[in-house]
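Asker: Please read through the structure below; I'll follow up with questions.
The values are calculated or read from the model by the stated rules, or taken from the named source; none is laboratory data. Remember, it's a predicted structure, so these values are computed and weren't measured experimentally. Note that we place each Cβ from the backbone using ideal geometry, even for glycine, and neighbour counts take in every protein chain shown.
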Amino acid sequence: MAKASNPQAPLTPAVLHILLALSQGEGHGYGIMKLVEADSRGKVTMGPGTLYGSIKRMMEAGLIRESVKRVDPELDDERRIYYELTGAGRMALTAELERYRGVVAVAEGRVAYGQ
């Protein structure tokens with residue numbers, strides 16, 4: 001997984017999906033899981049073990065951090081922890097998306113020319 005010191009390292013699929021979800025703004029665990037499922041049109045489902053294990057490693061790597069709790073007691077559970085991207089997390093996401101674009105360009109070139 002990419003670390004804050006090396007945002008160019010490849011990301012796991014779970015980390016990529018979490019970073020994509022958080023690129024829209026802060027989110028809590030359940031919200032992240034639902035956004036990943038919605039973004040992937042149901043093709044990617046993430047259980048709590050995968051999500052929270054990934055979040056722990058991402059925090060250790062400096063890709064995300066806990067954000068200041070924004071709790072509205074009428075709308076939210078005060079126990080929810082919100083997460084947000086760090087600058088390193090945004091750089092890692094950008095690098096990964098560039099890597100994907102490169103792979104797609106190669107694949108499209110091969111398909112177009114029958115290679």
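Asker: Note down all Cβ pairs under 9 Å where the first residue falls in segment 59-77 and is acidic (D, E), the second is part of a loop (DSSP other than H, G, I, E, B) and modelled with pLDDT under 95, and they're at least six residues apart or on different chains.
Answerer: Going by the 9 Å Cβ cut-off, the qualifying pairs are E66/I81; D76/K69; D76/R70; D77/V71.
Asker: May I ask you to list the residues in segment 24-43 that are exposed (fewer than 15 other Cβ atoms within 10 Å of the Cβ) and farther than 14 Å from R80 by Cβ?
Answerer: Q24, G25, A38, D39, S40, R41, G42, K43
Asker: Within segment 60-115, restricting attention to residues that are at pLDDT 90 or above and of a type in the set (D, E), which residue is farthest from G29 (Cα to Cα)?
Answerer: Here the residue is E98.
Asker: Just to be sure I understand the filter: pairs with C-beta atoms under 9 Å, separated by 6 or more residues or on different chains, first member in segment 80-104 and assigned to a loop (DSSP other than H, G, I, E, B), second member of a type in the set (S, T, Y) and surrounded by fewer than 18 Cβ atoms within 10 Å (Cβ to Cβ). Which pairs pass?
Answerer: R80/Y30; I81/S67
Asker: Which of (1) under 21 Å from A88 (Cβ atoms); (2) surrounded by fewer than 17 Cβ atoms within 10 Å (Cβ to Cβ) does G62 not meet, given it meets every other one?
Answerer: (2)
Asker: Sticking with this one: Which of the residues that make up segment 1-59 are at pLDDT 90 or above, on the phi < 0 side of the Ramachandran plot and of a type in the set (G, A, S)?
Answerer: A14, A21, S23, G27, G29, G31, A38, S40, G47, G49, G53, S54
Asker: In segment 11-42, how many are free of Cβ contacts under 8 Å to residues at least 24 places away in the same chain, outside any loop (DSSP other than H, G, I, E, B) and closer than 14 Å to S67 by Cβ?
Answerer: Of the residues in that region, 2 qualify.
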